Amino acid sequence: MADLTTDFLGIKSPNPFWLASAPPTDKEYNVRRAFEAGWGGVVWKTLGSEGPPVVNVNGPRYGVVHGADRRVLGLNNIELITDRDLQTNLDEITRVKADYPDRAMIVSIMVPCEEQAWKDILPKVEATGADGIELNFGCPHGMSERGMGAAVGQVPEYIEMVTRWCKQYYSKPVIVKLTPNITDIRIPAEAARRGGADAVSLINTINSIVSVNLDTMSPEPSIDGKGSHGGYCGPAVKPIALSMVSEIARAPATAGMPISGIGGVTTWRDAAEYITMGCGNVQVCTAAMTYGFKIVQEMISGLSEWMDEKGHTSIKDFMGAAVPNTTDWQYLNLNYVAKASINQDDCISCGRCFAACEDTSHQAIAMSPERVFSVIDAECVACNLCVEVCPVEDCITMVPMAAGSTDPRTGKIVQDGYANWTTHPNNPAATAAE
Amino acid sequence: MVDKVFEAGVVAGRLAPEAYAELFSDLHPPLGAHEALVAADRCYFCHDAPCITACPTDIDIPLFIRQIATGTPDAAAKTILSQNIMGGMCARVCPTEQLCEQACVREEAEGKPVLIGQLQRYATDHLQEQGVHPFVRAEPTGKRVAVVGAGPAGLSAAHRLAMLGHDVKVYDAQPKAGGLNEYGIAAYKTPDGFAQGEVDWLLKIGGITVETGRALGPDLSLEGLRAEFDAVFLGMGLGGVNDLGVEGADKDGVLDAVDFIADLRQAGDMGSVPVGRDVVVIGGGMTAVDAAVQSKLLGALNVTLVYRRGRERMNASVFEQDLAASKGVRIVTHAVPKAVIGNGAVREIEFEYVGDDMAPTGQTLRLTADQVFRAIGQTLEGEGLPDLAGGRIAVDAQGRTSLDRVWAGGDCATGGDDLTVTAVAEGRDAAMHIHAALSANA
Ligand SMILES: Cc1cc2nc3c(=O)[nH]c(=O)nc-3n(C[C@H](O)[C@H](O)[C@H](O)COP(=O)(O)OP(=O)(O)OC[C@H]3O[C@@H](n4cnc5c(N)ncnc54)[C@H](O)[C@@H]3O)c2cc1C
Ligand SMILES: Cc1cc2nc3c(=O)[nH]c(=O)nc-3n(C[C@H](O)[C@H](O)[C@H](O)COP(=O)(O)O)c2cc1C
Ligand code: SF4
Ligand code: SF4
Ligand code: SF4
């Protein structure tokens, strides 16, 4: 059986599935139950400075984008950091860590951008025996209005500065949690690295308004008739997060920096994908909030099943395996030619591929009076739209054309080998092919 | 139409030879990969799911369905089989409409439960078709356990004991292992030799020897087994059949439904199984329905199932009753047999109608019959057994009998419904208690 144990910054956990800093990790009761359910580690709900804790709204915090059958696709929240007393949290963290020495315990922190504030809290956190800290530079609502969270994460100089303080006043690993509410994720990641961060984690939530109530004209969730943007997470944000992770994994300035992948991890497969993109582990919030802690059992069994099937004995075996294959558009092979192919045995004749291709794309699907749908190779540009709208898995597939055959659309012979845009004759800036 | 359809008497080959394969094919054809994904997608992954509670073997249904949904059917199979080593057979024969699927919250919401049984089959078939046996034995304990009966209870106990490191010897009276999986379950629920295939797959765990053709009796005494082994598990089912107790019940053509079904299950060619033109089945349980439906499938022209009480009291589920009706079986209720009429062989059978309280009404019914099947319950057979209660071996909550180091489970023991899945559960649980006892005095 595959070994799922993970060593992230020297912090060991029995599997790469950690709970992200959020309500699931808000208190001792939750975290104990999470560990009993099998989670490898937790990032404790973000702590604030000593003194009266923040207060949350007393109305709805969540809004959701549902898919068919009310499946939660995207979750929006306007919750703040912990609204419980600092000492209570610290005591609980100390107790839980002592009882679960084999699980990763990371403490998320967000205090004002003043050295003293960090100097005050870090020794207290150190005393809990937790394995490391995560700096919440990502919360996009409420806290950012107070100059914390995303407000720090959007200013690289602040990131660097605070990270440096943390490395100075805290002895264990420091993870910087990034906000996606910026234009180029590499910049804050570089700043974190300059500040001495041991790792970055991403993403925190994305600015969002999930819906407007058309009777009250208030955004949802509505607090007494008014709404505010919240932070978006869940399956819907995974593609955004995965792309950001890939940017950090690929950029020379940040390549090799340990990454904890966050955003829409819902099944073992999502986790495996993040790991192939260079993550050392993943963090989960929405999936646990939707299905409960038990969801981790499927993640564990699925990942281990897949690793066995592929012959991977440890997480390291495939970590980063997709990074070399993630490139810029300009380097994609333009000699590669494929055509859609419909498996008539699987086709249920719904016509969705036809509607998509005929109305909006390349008129490359023919429909017979008997509702037989077939691809017209002379028109098909292999865009993949039909594949994605077909309700039957693998009914339409993309079949690569062999080198030497003639593409009926262009009349050109499919070339062997690799040629990209940089050398293409149509490219005004093309560099001559040798 | 073949001439033999209308021929009176008990004859084989009533239908055209090619008709049988279709008639006896899978009752529920297996789900394809796409169907399985669509069906799995409907599960809500309920907390403390009611379907789990309703499954006698406590399979973690939401987990295995999610494992299917996330593309790992083999992991799903392991989830199922770790609780129920006959998950493959149970997926085919469980009355899910009374068990897991009845409890499914989508039954409550939409009257359409998640297809738990069929998804269970999808996963277990996926693994078993690769010939993979996912369990390995623990270190040998040096302990030896005898199991009497290679039915679901006995094999489930044997597998669990072997997995825990004990050496197991299984004795069965019949020439083939499997119990009613092999000799009783309707042919259309387990076609294509699935029962033997499952037994072979189950035995891959190792550490289990099966001796068929060995009945507990004069040459294999319980005393002897207790002397030779560290523990004994009795899972011999119910071998005897209740009598009709009416005049003429010994006439030719009056048979035990279980014998008819056993012959049918062992027949290589369904066309070789003789069946009456006018068949009457007496009883109201699964055996009665199976005998009636299979008579009909064999080509009997008129099949009547006669039950002494109302439909709601029938042990056969509503699904089974509807299945019988859909195959053209006529169901008569509130009638008890009075006399079997005929000269040597049965020709007619007379019933008297009774009230809900079973009080005679004086009104009678005569049915033409060239074959009558008794399906009014089975009984435990055997001597020198532990103490009985209500005709079955009395067991406590741990499956212990009145005899030291002797456990029992399945149909032969008290408690539980007479279902494959409960037999598997009882065998498994008794094995755990045997293991605890053997480990305690190790
Ligand atoms: C016709 C019929 C249809 C059924 N259909 C269904 C169904 O669709 N779904 C469902 O859930 N349940 C069904 N059942 C019930 C189910 O088959 C039984 O509950 C289940 O098989 C009980 O398992 P068991 O291991 O206790 O006994 P059995 O399956 O009866 O196995 C007992 C074994 O012990 C052996 N044995 C008996 N006496 C001795 C002896 N003295 N020495 C050695 N070995 C002995 C027998 O040969 C047999 O192999 C049906 C039953 C019948 C009769
Ligand atoms: C209700 C809620 C509260 C959150 N609170 C915090 C927090 O206090 N600190 C933090 O770093 N992230 C917080 N997050 C963000 C999550 O940790 C995580 O980054 C985000 O939800 C993306 O992961 P997901 O798609 O698995 O939910 C919160 C998210 C939610 C839904
Ligand atoms: S979308 Fe798929 S199923 Fe529908 S017609 Fe096209 S190929 Fe067939
Ligand atoms: S074993 Fe039977 S009752 Fe249990 S889940 Fe499977 S089909 Fe349902
Ligand atoms: S009750 Fe139905 S929906 Fe809920 S977990 Fe069980 S099968 Fe799924």
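The values are calculated or read from the model by the stated rules, or taken from the named source; none is laboratory data. What you see is a predicted model; the values in this text were computed from it and never measured. For neighbour counting, all protein chains shown are included, and Cβ atoms are generated from backbone atoms with ideal geometry for every residue, glycine included. Areas reflect the complete protein model, heavy atoms only, side chains present, ligands, DNA and RNA absent. Shrake-Rupley method; radii C 1.70, N 1.55, O 1.52, S 1.80 Å.
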ask   = Counting only the heavy atoms of the protein chains, how much of B:LYS112 is accessible to a 1.4 Å probe, in Å² to the nearest 10?
value = 130
key: Listing of segment B:27-62 residues, each with accessible area lower by at least 20 Å² in the full protein assembly than in the chain alone (probe 1.4 Å)   = B:HIS34, B:LEU37, B:ASP41, B:TYR44, B:PHE45, B:ASP60
ask   = Could you give me the ³J(HN,Hα) list for segment B:167-175, computed from phi with Karplus coefficients 6.51, -1.76, 1.60 and θ = phi - 60°, whole Hz, x at Gly and Pro?
value = 9, 10, 10, 10, 10, 9, 5, 7, x
Per residue accessible area in Å² of segment B:242-374, where ligands, DNA and RNA are left out and the probe is 1.4 Å = 41
request  = Rounded, prolate or oblate: pick one for segment B:332-379, where a ≥ b ≥ c are the square roots of the eigenvalues of its C-alpha gyration tensor, a/c under 1.5 means rounded, and failing that, prolate if a/b is larger than b/c, else oblate.
outcome  = oblate
request  = Label segment A:209-335 by shape, choosing from rounded, prolate and oblate, from the square roots a ≥ b ≥ c of the eigenvalues of the Cα gyration tensor; if a/c is under 1.5 it is rounded, and otherwise prolate applies when a/b is larger than b/c, oblate when it is not.
outcome  = oblate
ask   = Under a 5 Å amide H to amide H cut-off, with H placed in plane at 1.01 Å, what residues pair with A:THR46 once short-range neighbours are removed?
value = A:ALA22, A:THR82
remark   = Under 5 Å from the placed amide H of B:LYS143, counting only residues 5+ away or on other chains, we find B:ASP167
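By how many nm would the segment from B:LEU23 to B:VAL105 lengthen if fully extended, with 0.36 nm per residue of separation less the alpha-carbon distance? Mind dumping the intermediate values first?
Details: separation 82, 0.36 × 82 = 29.52 nm, distance 3.35 nm.
That pair, B:LEU23 and B:VAL105, stretches by 26.2 nm at full extension.
At a 1.4 Å probe radius, carbon and sulfur cover how many percent of the accessible area of the protein assembly as shown?
51
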Residues losing 20 Å² or more accessible surface upon assembly, segment A:291-313, compared with the chain by itself, 1.4 Å = A:TYR291, A:LYS294, A:ILE295, A:GLN297, A:GLU298, A:SER301, A:GLU305
remark   = Ignoring ligands and nucleic acids, A:MET244 exposes an accessible area, probe 1.4 Å, in Å² to the nearest 10, of 30
ask   = In Å² (nearest 100), what accessible area is buried between A and B, both sides summed, heavy protein atoms only, 1.4 Å probe?
value = 1500
Antiparallel content of DSSP bridges confined to chain B, in %, to 5 = 35
task = Keeping all protein chains in place, calculate the accessible area per residue for segment A:260-368 (probe 1.4 angstrom), answer in Å².
result = 43
message = Given a 1.4 Å probe, show me the residues in segment B:74-100 buried by at least 10 Å² of accessible surface when comparing the whole protein assembly to the chain alone.
response = B:ASP74, B:ALA75, B:LYS78
ask   = Which of these, A:TRP329, A:TRP118, A:TRP44, has the largest mean-square fluctuation under a Gaussian network model of chain A (Cα springs below 10 Å)?
value = A:TRP329
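Leaving out ligands and nucleic acids, and using a 1.4 Å probe, what accessible area per residue does segment B:43-159 come to in Å²? Provide the component values of the computation, followed by the final result.
On the way: 4010 Å² over 117 residues.
Per-residue accessible area for segment B:43-159 comes out at 34 Å².
From the Cα gyration tensor of segment B:242-374, with a ≥ b ≥ c the square roots of its eigenvalues, which class applies: rounded if a/c is under 1.5, or else prolate if a/b is larger than b/c, or else oblate?
Here segment B:242-374 falls in the oblate category.
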inquiry  = Keeping all protein chains in place and using 1.4 angstrom, which order do B:CYS46, A:CYS383, A:CYS357 fall into by accessible surface area, from largest down?
reply    = A:CYS383, B:CYS46, A:CYS357
Angle in degrees between helix A:156-169 and the longest Cα principal axis of chain A, rounded to the nearest 10 = 50
task = Please give the peptides B:391-404, A:401-414 ranked by average Cβ packing (other Cβ atoms within 10 Å per residue), highest first, as a rough proxy for protection.
result = B:391-404, A:401-414
